[in-house]
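This report concerns only the one structure given below.
The values are calculated or read from the model by the stated rules, or taken from the named source; none is laboratory data. The model shown is predicted, which means the values in this text are computed figures rather than measured ones. Cβ atoms come from the backbone with ideal geometry, glycine included; neighbour counts cover every protein chain shown. All accessible areas refer to the heavy atoms of the entire protein, side chains included, with ligands and DNA or RNA removed. Shrake-Rupley method; radii C 1.70, N 1.55, O 1.52, S 1.80 Å.
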Amino acid sequence: MHTRRIGDVEVSAIGLGGMPMSIEGRPDEARSLATIHAALDAGVTLIDTADAYHRDAHEVGHNETLIAKALASHDLGKDVLVATKGGHLRPGDGSWTLDGSPRHLKEACEASLRRLGVEAIGLYQFHRPDPRVPYAESVGAIRDLLDEGKILMAGISNANPERIGQANEILGGRLVSVQNQFSPAFRSSEPELRLCDELGIAFLPWSPLGGISRAGELGSAYAPFARVAEAHGVSPQQVCLAWMLAKSPVVVPIPGSSRPETIRDSLGAVDLVLTAEEIAELDAV
């Protein structure tokens, strides 16, 4: 497995996104555990989750609990960096709400610590800006958690360039990751990716294959990805992830998966080398 860095931690160049294993349409627990174990067997050392990755109101943190169980039952579990997030909530009716207040973020972190069964969270990220709370106050709470040793590294998610700079300043230059949506269908985070490249901050594309319901349609929706995939004898999804990896050494995609076979296929992208002409063709999509 090729590796990249988040802060001072070396991680697999592609991580595993846990959300599909906990929200609507999720598989049974046995298949989810098999998916996580397949990722570990293939060399994954980064798993992305959040306390909001659950379906029903009474099961906040379902995905964190699932991941903790999977890691505890595998010999390689201790080598994994778990990145979780706080500040986004799901009332249980399928909607998403926000609470970026310092009080909530600190309480959410404590709850995540308990579910993950750790003394300090490897990477904790502010999930999404709350328009009711000044951004500096939300990130200030993340800084406090970092200073208190509750978290080992700090990141932000769904942030524009201005907020990346602001967060890094508030954190005293200790911002290690930015997790934004980025895929062939969603290219508006290019400026954030470039800024992260300049600053040496890890950029973690979420929904890199277009989302749970659309990942399988990537090749049919974007013909260049299908053409390049056919030329290499691989899936369009592998081509997509290899394309992202080629953009910058700070990029660490976190494709979501709920099947062992799909995460294994995604991980093949680390060994796929695209030509400059192919990359240019994909960039033009």
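In the stretch 1-133, the ratio of gyration radius to Kirkwood radius, Rg to Rh, stands at 0.96 when only Cα atoms are counted. A dipole drawn for the chain from +1 and -1 charges on Cβ atoms has a positive end, and of Val251, Phe186, Gly86 the residue lying farthest that way is Gly86.
The relative contact order of the chain, computed from alpha carbon pairs under 8 Å that lie at least 6 residues apart in sequence, is 19 percent. Comparing the stretch 91-211 with the 2.2 N^0.38 Å rule of thumb, its C-alpha radius of gyration ratio is 1.05 (two decimals). Ordered from largest to smallest accessible area (heavy atoms of protein chains, 1.4 Å probe), the residues Val82, Val60 come out as Val60, Val82. Of all DSSP bridge pairs formed entirely within the stretch 63-194, close to 20 percent run antiparallel. Residues within the reach of a label modelled at Trp96 (point 7 angstrom out along Cα to beta-carbon, backbone nitrogen below 15 Å), restricted to the stretch 140-168, are 156-160. When the helix-only estimate is applied to the chain (DSSP H runs of n ≥ 4, each -39,500 (n - 2.57), divided by the residue count), what is the mean residue ellipticity at 222 nm, nearest 500 deg cm²/dmol? Calculated from helices alone, the mean residue ellipticity at 222 nm is -12000 deg cm²/dmol. Summarising the strand pairing of the chain, around 25 percent of its internal DSSP beta bridges are antiparallel. Of the residues Thr35, Thr97, Thr84, the one that moves most in a GNM of the chain with alpha-carbon contacts below 10 Å is Thr97. For the peptides 141-149, 266-274, 38-46, residues were scored by their other Cβ atoms within 10 Å and the scores averaged per peptide; the highest-first order is 38-46, 266-274, 141-149. Placing +1 on the Cβ of every Lys and Arg and -1 on the Cβ of every Asp and Glu, with nothing else charged, gives the chain a dipole about its Cα centre of roughly 300 debye.
Taking the three principal axes of the alpha carbon atoms in the chain, the coordinate ranges are 52, 42, 35 Å, sorted in descending order. The phi-based Karplus calculation (6.51 cos²θ - 1.76 cosθ + 1.60; θ = phi - 60°) puts the 3J(HN,Hα) values of the stretch 241-248 at 5, 5, 4, 5, 4, 6, 5, 5 Hz, whole numbers, x for Gly and Pro.
About its Cα centre, the dipole of the stretch 61-128 is roughly 120 debye, where the only charges are +1 on Lys and Arg Cβ and -1 on Asp and Glu Cβ. Against the empirical curve 2.2 N^0.38 Å, the C-alpha radius of gyration of the stretch 163-221 lands at a ratio of 1.32.
One chain, two ends: Thr275 and Asn160. Fully extended at 0.36 nm per residue, the span grows by 38.4 nm beyond their Cα-Cα distance. Helix 223-232 axis versus longest C-alpha principal axis of the chain: approximately 70°, rounded to the nearest ten. With both bridge residues required to lie in the stretch 6-142, what share of the DSSP beta bridges run antiparallel, to the nearest 5%? Antiparallel: roughly 25 percent of the beta bridges in the stretch 6-142. Using the Cβ atoms and a cut-off under 12 Å, what net charge is assigned to the surroundings of Pro255, where Lys and Arg are +1 and Asp and Glu are -1? In short, 0.
Taken over the stretch 135-285, the convex hull of the Cα atoms encloses 119 Å³ per residue.
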